[in-house]
Amino acid sequence: MIQILFISLITIAIAIAANIIFGRKYSQHISIAAVLLVLIYMSYSISAFTSGSLAVSESLPYISSLGISLHFTLTPISIMLITMSLIVTLAAIVWQGIRGANTRSINSLLLLFLLSAIGLFASANLFLFYIFWDVGVISVFFIIRSFGSASRDVASKNFLIYSIFASALLLFAIMLIYFYTPVGSFNISYITAHSYEIPIDIQESIFMLMFIAFAIKMPVFPFHSWMPNAYSDAPTSGSVVIAGVLSKFGAYGMLVLFYLLPVAETLKTYVYAIAVVSVFYSAFAAMRQNDLKKMAGYTSMIESGIILAGIASLNYLGEYGSVYMMLAHGFTIALMFIAIGSLEFAYGTRSISILKGAVSSAKSASYSFMLAIFGSTGMPLTAGFIAELMIFIGTVSAFGLYGIVPLAGIILLGAYMYLAASRSIMSTKEKLSEVGIIGKSQKAAMAIAIAAVLFFGVFPFIFLNMVKI
Amino acid sequence: MASIEYFGYALFALLALLALAAMAAPFHRRKKVSFVLGAVILAAITLTASYLFASGSSFYLLNIFRIYPFSMLFVGVFSILLLLVMALSYDAPGSFDSFFMLFGFAALGIVMVPMASSLIGLLLSLELASIPTVFMIAINGKKFIESSVKLLIMSGIAISILVFGMALAFPYDAQLSLVQIGSASGPIEGSYLALLALVLFIGGLSIEAALFPFNLWVPDVYEGAPANMSAMLSGINKKVALVAMMEISFAMFAVYSSTYVTIFMVLSIFTMFFGNLAAMVQKSVKRLLAYSSISQAGYILVGFAAASQYGLEASIFQMITHSFMIIGAFAVIMFLENQGIKTIDEYRGMSSRNRYLSIALSLLLLSMAGVPPLMGFDGKFLLFTSAIKSDLLALAFIAILNSFLSIYYYGKVIIAMYQPKKEERIVAPKAIIAVISIALFVIIIFGMYPQPIISIAAKAASALLGI
């Protein structure tokens, strides 16, 4: 039995140390090598998982007086999400190029964030979940704070305030759970087995606290107002990981929450209603944006809403559909932000109204952007299609015909975005002169994201075989 | 005589040596000699104490000192902290020779507080710990006199309240030893005097530990004193008072626990809120840290209020944690203050002045705010769970709330440091870098793997409670 997760975490930790020591020259090499190495571990674990030669549960004693151990479990869900975070972070690291400014610091923070993502998606107790959650938040805060665009002051403050509020609620909820479970415990599987013993009103308040905490991170209407600034003022590699991976912290937490407490069964309709409102709100908000990054932010919020709808359906297809959606959304939004970052690099602006005729010279970025739009509307052969299919079957079986309502939001936005993009970026009437030339590293990053979007759209069974759908 | 007792005597020989070295310092006037001598002796004390701690033995020495894991843990920790403060003070403006003389005696008192086995011993060592500190502030120059006089007055008041408490405790404890008052089954009936004595003890020690109603001297003194002395006051002297409070309440007045749990709870809540709310409006970073260290004492009291093995364990853990954090933070501040950088506004663009210092200060502040995986988080987490285990859910929630309130002002400093503003580079002296690095190392390593500190804290706590 190989303890894949410990090895992965240690690999990343060594890479961070190596990055700090040798990073002046070899930051890119070290970071990319480390991520690729962990990606190899993960692909091994996918094959080993089906044959059963994998340590599913890895545990080391940590704080024995509270019964806390470094306890990780490797489930299909965690394998999917970890693979997604690895590929997204890889694209973010590659995007910067070898000669980029501040690569050493950004890469160290990105790797730290990756470490927290791996730990969070695999943690088997709420204590570790909370620790990795906060490590992720703090590293993202420093990415925005130190390397963001000119108006990062407001963005990083908003991000910090919302995140701290979320962390506080999460810690409150964890303490409540610890207090009310028969033998105070942080272990997720133990709590799941014994949560029916928690009084129903306490369950409701725990659910509320955790729901708000996770909804802030996803983000879902009405807890999203940190999102537009944070996405638009972060550096491109930062936006990629915030939208691609950090928002999945919230989504994954929501998934854990729904299967943690039995009270979720009675509250799921309300949650579904919030999800639907969120989808339509963000669809209309996206139409009003002129800044491409903000538009991409609202697009990602639509998909967060759909993920929430899938989770709220509380059935098998909804659950795995939303997990697959997290995966698909990670890739498509990464592609979108990378394409936007490259467009900005090429033309010095992110405004849709100015970017008319961008396709004339920055072909790679423009076509990648179009592909990202297709991917986020769930075109067949992209990963989003499989996910939406599963989610909507799930929601329809849970909520009847109301389950199909969010689809209208996607179609609405899809139609708008095709129109907007074809009028401005893909327009052949105008010509735009370049400020910079998109380099190899940026093209490589786009290639990674495109490959991931298409690969997991064409071969969904790689993951779905693990859960035997 | 068992061979382990020789180590006890060796400890006292080392303390006597420290006093001798301290007295000799103003005569030979060799900075380096005093420093090396002091460092070697303190290191030897740490080693002896850790050996005695590991042996787990418990015995009385000369009838006035008690060697047991609780006292040995704090002797070891305090001597490491004293070493850090000494390294910080090496380049301080005042003369190091006279500093070292006073420092030696203060160290003697500080190390003797956890070992004292009688109220007289406790009082004398507390006084020995606090009086030299006053002059250690004053020798740095005229502008520090105000701060030192304030400290002198406050410690005078504290000592007199303690003496009054001792007088009231006398009828119940004629030897003035720290043994338990009342029978094991319950408190003495109609024992208002005993309760009054307890309250006076807690009140007197609260002045030195800067708990809520008695904390108004703290910001002035910390801000007026040189930063190395602020580090000593908040990193060591405050913990000394808390140690004395632990001994008096959990050893001597153990059967009155239902009474003082309420007292500690109220003190804790007010101290946390006062410290955090007042810190939010500060402009000077040093003053901000003074208020933050008030609120940290409030968190430590959460463990006292839990009044259980877990609670004391968590409190001891947090006391060790906070000492390292605050000494590291004051080390950064000391250096910046010498460069004329004092207010949060002046901290803008720190990351371009000196990247290492700004990373270090950010990590130390994040640890104080309780962000994982740093040691401050582990301490707070242990404290909150201990409160929950003792059914103090409301207290735990208030503490969590405060912990998140505090991120506001710590974040303010961090955000200011990373403001995009180009400043010229400054280089810190090696002694300060060394102290900061040690503090940082402890905070990060034991933050990620807290079990060693937790188990020694647990051993000390169970020794104190006599379990």
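The values are calculated or read from the model by the stated rules, or taken from the named source; none is laboratory data. A quick note: this is a predicted structure, and the numbers were derived from the prediction, not measured. Every residue, glycine as well, gets a Cβ built from its backbone with ideal geometry; the counts of neighbours run over all protein chains shown.
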Where residues in the stretch B:411-429 are within 10 Å of chain A (Cβ to nearest Cβ) and either aliphatic (A, V, I, L, M) or free of Cβ contacts under 8 Å to residues at least 40 places away in the same chain (or both), which of them is farthest from B:Ala92 (Cα to Cα)? B:Ile415
Number of the condition not met by B:Phe105 [criteria: (1) modelled with pLDDT under 90; (2) crowded, with 18+ Cβ neighbours inside 10 Å; (3) aromatic (Phe, Trp, Tyr); (4) under 26 Å from B:Ser177 (Cβ atoms)]: (1)
Considering only residues that are away from chain A (no Cβ under 14 Å) and charged (D, E, K, R), look in the stretch B:337-371 and name the one that is farthest from B:Val281 (Cα to Cα). B:Arg353
Taking interchain pairs and intrachain pairs at least six residues apart, which have beta carbon atoms under 8 angstrom, with the first residue in the stretch B:342-367 and assigned to a helix (DSSP H, G or I) and the second of a type in the set (Lys, Arg) and surrounded by fewer than 22 Cβ atoms within 10 Å (Cβ to Cβ)? B:Asp345/B:Lys283; B:Ser352/B:Lys421; B:Ser352/B:Lys422; B:Ser352/B:Arg425; B:Arg353/B:Arg425
Can you tell me which condition B:Asp391 does not meet? The list is (1) under 20 Å from A:Phe141 (Cα atoms); (2) surrounded by fewer than 21 Cβ atoms within 10 Å (Cβ to Cβ); (3) not hydroxyl-bearing (Ser, Thr, Tyr), and all the others hold. (1)
Would you check which residues across the stretch B:87-131 are without any contact (Cβ under 8 Å) to a residue 60 or more places away in the chain and among the aromatic types (Phe, Trp, Tyr) and list them? B:Phe99
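Regarding A:Phe147, is this residue within 11 Å of chain B (Cβ to nearest Cβ), out of contact with any Gly (no Cβ under 6 Å at 6 or more places or on another chain) and under 28 Å from A:Ala451 (Cβ atoms)?
So A:Phe147 passes the test.
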Exception for A:Tyr180 within (1) more than 10 Å from chain B (Cβ to nearest Cβ); (2) over 22 Å from A:Leu5 (Cα atoms) falls at (1)
Under 6 Å by Cβ, and 6 or more places apart or on different chains, what pairs join a residue from the stretch A:431-448 that is hydroxyl-bearing (Ser, Thr, Tyr) with one that is surrounded by 13 or more Cβ atoms within 10 Å (Cβ to Cβ)? A:Ser441/A:Val94; A:Ser441/A:Gly97
Given (1) in a helix (DSSP H, G or I); (2) touching a strand residue (DSSP E or B) at 6+ places or on another chain (Cβ under 9 Å); (3) crowded, with 19+ Cβ neighbours inside 10 Å, A:Phe6 misses just (3)
Please find, within the stretch A:42-58, the residue that is nearest to B:Met375 (Cα to Cα) out of those that are of a type outside the set (A, V, I, L, M, F, W, C) and either surrounded by 17 or more Cβ atoms within 10 Å (Cβ to Cβ) or within 14 Å of chain B (Cβ to nearest Cβ) (or both). A:Glu58
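Hey, does the stretch A:221-240 have a residue that's assigned to a helix (DSSP H, G or I), touching a strand residue (DSSP E or B) at 6+ places or on another chain (Cβ under 9 Å) and in contact (Cβ under 8 Å) with a residue 12 or more places away in the chain? Can you show your working first?
Going through the stretch A:221-240, the residues assigned to a helix (DSSP H, G or I) turn out to be A:227-233, A:236-240.
Okay, now just the ones that are also touching a strand residue (DSSP E or B) at 6+ places or on another chain (Cβ under 9 Å), so A:228, A:232.
Next, from what is left, pick out any that are in contact (Cβ under 8 Å) with a residue 12 or more places away in the chain: A:228, A:232.
Yes, the stretch A:221-240 contains a residue that is assigned to a helix (DSSP H, G or I), touching a strand residue (DSSP E or B) at 6+ places or on another chain (Cβ under 9 Å) and in contact (Cβ under 8 Å) with a residue 12 or more places away in the chain.
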Here are some conditions: (1) in contact (Cβ under 8 Å) with a residue 60 or more places away in the chain; (2) surrounded by fewer than 24 Cβ atoms within 10 Å (Cβ to Cβ). A:Leu257 meets all but one. Which one does it not meet? (1)
Pick from the stretch A:153-175, criterion crowded, with 20+ Cβ neighbours inside 10 Å and at the interface with chain B (Cβ under 8 Å from one of its Cβ atoms), ranking: farthest from A:Phe211 (Cα to Cα): A:Ser156
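Sort through B:Ala439, B:Ala460, B:Ala399 and tell me the only one that's within 23 Å of the chain's Cα centre (by Cα), modelled with pLDDT of 90 or more, crowded, with 22+ Cβ neighbours inside 10 Å and within 12 Å of chain A (Cβ to nearest Cβ).
On the way: B:Ala439 fails: within 12 Å of chain A (Cβ to nearest Cβ); B:Ala460 fails: within 12 Å of chain A (Cβ to nearest Cβ).
B:Ala399 is the lone residue from the list that is within 23 Å of the chain's Cα centre (by Cα), modelled with pLDDT of 90 or more, crowded, with 22+ Cβ neighbours inside 10 Å and within 12 Å of chain A (Cβ to nearest Cβ).
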Could you identify the single residue in A:Phe132, A:Phe113 that is within 12 Å of chain B (Cβ to nearest Cβ), in a helix (DSSP H, G or I) and on the phi < 0 side of the Ramachandran plot? A:Phe132
Looking at (1) free of Cβ contacts under 8 Å to residues at least 40 places away in the same chain; (2) in a helix (DSSP H, G or I); (3) not acidic (Asp, Glu), which is the one condition that is false for A:Thr349? (2)
Residue check: is B:Tyr408 within 13 Å of chain A (Cβ to nearest Cβ), surrounded by fewer than 19 Cβ atoms within 10 Å (Cβ to Cβ) and among the hydroxyl-bearing types (Ser, Thr, Tyr)? yes
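Matching residues to (1) at pLDDT 85 or above; (2) farther than 28 Å from A:Phe345 by Cβ; (3) of a type in the set (Gly, Ala, Ser); (4) out of contact with any Ser or Thr (no Cβ under 8 Å at 6 or more places or on another chain):
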| site | (1), (2), (3), (4) |
| --- | --- |
| A:Tyr272 | yes, yes, no, no |
| A:Val276 | yes, yes, no, yes |
| A:Gly297 | yes, no, yes, no |
| A:Asn315 | yes, yes, no, no |
| A:Gly318 | yes, yes, yes, no |
| A:Gly321 | yes, yes, yes, yes |
| A:Met325 | yes, yes, no, yes |
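I need the helices (runs of 4 or more DSSP H) fully contained in the stretch A:380-469, keeping only those with at least 3 residues that are over 30 Å from A:Glu265 (Cα atoms) and of a type in the set (A, V, I, L, M). Explain how you work it out, then say what you get.
Numbers: elements: A:383-399, A:405-423, A:440-458, A:461-467.
So the answer is A:405-423, A:440-458.
Of the residues that sit in the stretch B:446-455 and are in contact with a Pro (Cβ under 9 Å, 6 or more places away or on another chain) and surrounded by fewer than 22 Cβ atoms within 10 Å (Cβ to Cβ), which one is nearest to the other protein chains (Cβ to nearest Cβ)? It would help to see each step written out before you state the result.
Of the residues in the stretch B:446-455, the ones in contact with a Pro (Cβ under 9 Å, 6 or more places away or on another chain) are B:446-448, B:451.
Pick out the ones that are also surrounded by fewer than 22 Cβ atoms within 10 Å (Cβ to Cβ) and you get B:446, B:448, B:451.
On the way: B:Phe446: 12, B:Met448: 9, B:Gln451: 6 Å.
The selected residue is B:Gln451.
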